[in-house]
Amino acid sequence: MLTNTLIFGNSASGKSTLAKELANTYGVAHLDLDTIAWQPQSPPSRMPMAESKALIDAFVNTHTHWVIEGCYSDLLALVVPLASSVLFLNLSVNDCIQNAKNRPWEPHKYESKEAQDANLDMLIHWISQYTERNDTFSKAAHEHLFNSFEGNKRMFESNQAKSRWLSQQ
């Protein structure tokens, strides 16, 4: 059984979908870092790190077992010491773009499917920069997080590999 698991990767790599599946399978709490990384304003801006940390601390102190997912290596680093496993969704940029085009409506992020689809071009541009960026959302940051983790870890490089593994859980 996976408990206290971190899931990370590029946007549209399937982090939320996998986290929900694991949370449902194992009956553990699920935290999508998108919900605590941004201030509720327009245009969006990152929440101060101390506030995000307080929300993460409250979550892990409230739940014995959990899965936390997101692309924020700075926030994930806060809970790495508490994690028993990490899952790196290291899909190709093309796979992530295809996932983005096929993703269902995310009501916790968007008012409507139309509002979500209106951001698709921006999201595809963001996804395409994953390997070139040098920030907390980058492939380099995720690789560092994965490589430095000494516990149970697994990397998935395709949707199919992720699905095969999930079917065995």
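The values are calculated or read from the model by the stated rules, or taken from the named source; none is laboratory data. Just so it is clear, the structure is predicted and the values come from calculations on it, not from any experiment. Cβ placement follows ideal geometry from the backbone for every residue including glycine, while neighbour counts extend to all protein chains displayed.
Scanning for something of a type outside the set (Val, Ile, Thr), surrounded by 15 or more Cβ atoms within 10 Å (Cβ to Cβ), in contact with a helix residue (DSSP H, G or I) (Cβ under 7 Å, 6 or more places away or on another chain) and farther than 20 Å from residue 43 by Cβ, does the stretch 131-141 turn up at least one residue?
Taking every residue of the stretch 131-141 in turn, at least one turns out to be of a type outside the set (Val, Ile, Thr), surrounded by 15 or more Cβ atoms within 10 Å (Cβ to Cβ), in contact with a helix residue (DSSP H, G or I) (Cβ under 7 Å, 6 or more places away or on another chain) and farther than 20 Å from residue 43 by Cβ.
Mind listing just one residue for me: the one in the stretch 1-38 that is out of contact with any helix residue (DSSP H, G or I) (no Cβ under 8 Å at 6 or more places or on another chain) and outside any helix (DSSP H, G or I) and, of those, surrounded by the fewest Cβ atoms within 10 Å (Cβ to Cβ)?
27
With (1) at pLDDT below 95; (2) assigned to a loop (DSSP other than H, G, I, E, B) as the list, and residue 161 as the residue in question, which single condition is left unmet?
Unmet for residue 161, out of (1) at pLDDT below 95; (2) assigned to a loop (DSSP other than H, G, I, E, B): (2).
Anything in the stretch 1-47 that is touching a residue at least 12 places away in the same chain (Cβ under 8 Å), in contact with a Lys or Arg (Cβ under 9 Å, 6 or more places away or on another chain), closer than 21 Å to residue 128 by Cβ and not small (Gly, Ala, Ser)? List them, or say none.
Matches in the stretch 1-47: 8, 10, 34.
Which of the numbered conditions does residue 46 fail, given that it passes all the others? Conditions: (1) surrounded by 15 or more Cβ atoms within 10 Å (Cβ to Cβ); (2) over 28 Å from residue 157 (Cβ atoms); (3) of a type in the set (Lys, Arg).
Against the list (1) surrounded by 15 or more Cβ atoms within 10 Å (Cβ to Cβ); (2) over 28 Å from residue 157 (Cβ atoms); (3) of a type in the set (Lys, Arg), residue 46 comes up short only on (1).
If you take the residues of the stretch 39-77 that are of a type in the set (Gly, Ala, Ser) and part of a loop (DSSP other than H, G, I, E, B), which of them is farthest from residue 146 (Cα to Cα)?
So the residue we want is 42.
For a quick check of your reading of the model, give me the residue pairs whose first member lies in the stretch 97-124 and is touching a residue at least 40 places away in the same chain (Cβ under 8 Å) and under 17 Å from residue 34 (Cβ atoms), whose second is among the hydrophobic types (A, V, I, L, M, F, W, C) and not in a helix (DSSP H, G or I), with beta-carbon atoms closer than 9 Å and at least 6 apart or on different chains.
Hits for this filter: 99/12; 99/91; 100/12; 103/12; 123/12.
Which number in (1) without any contact (Cβ under 8 Å) to a residue 24 or more places away in the chain; (2) surrounded by 13 or more Cβ atoms within 10 Å (Cβ to Cβ) marks the one condition that residue 156 misses?
Condition (1) is where residue 156 drops out.
Quick check on my filter: what residues within the stretch 54-102 are closer than 16 Å to residue 154 by Cβ, crowded, with 20+ Cβ neighbours inside 10 Å and small (Gly, Ala, Ser)?
Answer for the stretch 54-102, where residues must be closer than 16 Å to residue 154 by Cβ, crowded, with 20+ Cβ neighbours inside 10 Å and small (Gly, Ala, Ser): just 83.
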